[in-house]
Amino acid sequence: MKNKNILVITPTYNEAENIEHFVSLVLERNVSLLIVDDNSPDGTGDIVKKLENQYDSLFSIHRIEKLGLGSAYKEAFRWAINNKFQFVVEMDADFSHRLIDLDKLIVNAEKGDLILGSRYTPGGGSIGWDRKRKLLSYSANLVTRLVIGTQIRDITSGFRIYTSSSLNNIDFESVSSDGYAFQIEMFYLYCVANKKVIEIPILFEERRLGKSKMNKKIISEAIQLLIKLLGKRISIK
Ligand SMILES: Nc1nc2c(ncn2[C@@H]2O[C@H](COP(=O)(O)OP(=O)(O)OP(=O)(O)O)[C@@H](O)[C@H]2O)c(=O)[nH]1
Ligand SMILES: [Mg+2]
């Protein structure tokens, strides 16, 4: 596999403190990088525009307002498919997703249709989270696993690789959620379509700079999605 066939997609909202360093470290891997910025008030978008003059393999989409993670990913999937990339990596700009784990995911990219960076398989974990945050994430994944009826353990992971061919085969345009629910819904579509999903252990590190966008709305959206999926499962039985 050639790294030039890989597109890393990174949505950004107020990542001015992280973005320049992030871009340089990702592009050292000889992959391409697409940033989808939602008119960040801290000027992230302007920094990205400047960096684009320095790097041939950096691309960006600038949207007029904060439209959410889910729609940013969908926009990036379309772009990746139109530009004929073979692999699409979802990765955050806040260094929660480690560069050495990116290398690890890339090495395994051809082993399935969806490669999940997993905190909950042996060797995986999270660093810097308090007990409450750890418990929330672990229990959300446990409930999701039971509702969907899968062995996969880190379904909310936002660090993952899709093959473009599999993205082309599933109706990702139908996914309407944001945040963690977006990751769950995408995974669910892969399950329904019998796509091969594998997990690779990663260490998730709490961001050092900038602010988390995690909020109650994101959690309640995920709960509503799980209720919907549970309803679907019961009606199939
Ligand atoms: N374009 C865009 N990017 C966003 C939006 N919300 C978050 N992001 C970016 O998506 C990535 C993940 O967001 P985080 O704030 O780290 O949220 P999180 O990872 O779910 O929360 P933490 O685990 O607390 O870090 C980061 O690169 C953010 O800048 C949004 O509405 N639009
Ligand atoms: Mg984060």
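Please treat every number below as a calculation from the coordinates, not as lab data. The model shown is predicted, which means the values in this text are computed figures rather than measured ones. As a convention, Cβ positions derive from the backbone with ideal geometry for all residues, glycine included, and neighbour counts pool all protein chains shown.
With each label modelled as a point 7 angstrom along the Cα→C-beta vector, the GLU173-ARG145 pair spans 3.5 nm. Taken one residue at a time, the phi angles of segment 191-207 give Karplus couplings (6.51, -1.76, 1.60, θ = phi - 60°) of 5, 4, 8, 6, 7, 7, 10, 10, 10, 10, x, 9, 9, 8, 10, 4, 4 Hz. Gly and Pro are set to x. Legend: distances between Cα atoms for LYS195/LYS232; LYS66/LYS111; LYS66/LYS232; pairs beyond 23 Å are LYS66/LYS111; LYS66/LYS232.
For the chain, what relative contact order do you get, as a whole percent, if you take Cα pairs closer than 8 Å and at least 6 residues apart?
Values: 410 pairs, mean separation 55.0, N = 237.
The normalised contact order for the chain reaches 23 percent.
Residues whose amide H comes within less than 5 Å of that of GLU199, counting only those at least five positions distant or on another chain, are LEU116 (H built at 1.01 Å from N in the peptide plane).
Partners of LYS132 within straight-line reach, counting lysines whose Cα lies under 22 Å from its Cα and excluding those fewer than 8 residues away in the same chain: LYS211, LYS213, LYS216, LYS217.
For the chain, what is the convex hull volume of the alpha-carbon atoms per residue, in Å³? Working shown, then result.
On the way: hull volume 28.1 nm³, N = 237.
Given the Cα convex hull of the chain, per-residue volume reads 118 Å³.
Residue by residue, segment 110-116 carries 3J(HN,Hα) couplings of 8, 7, x, 8, 9, 10, 9 Hz when phi is fed to the Karplus relation 6.51 cos²θ - 1.76 cosθ + 1.60 (θ = phi - 60°); x denotes Gly or Pro. A simple spin-label model places pseudo-atoms 7 Å from Cα toward Cβ; at SER24 and LEU230 they are separated by 4.9 nm. The C-alpha atoms of the chain define a longest principal axis, and helix 69-82 lies at about 70 degrees to it. Taking amide H as placed 1.01 Å from N in the peptide plane, VAL36 has its amide H under 5 Å from the amide H of THR10, THR12, ILE61, each at least 5 places away in sequence or on another chain.
Mean residue ellipticity, 222 nm, helices only, the chain: the sum of -39500 (n - 2.57) across DSSP H runs of n ≥ 4, divided by residue count and rounded to 500, is -13000 deg cm²/dmol.
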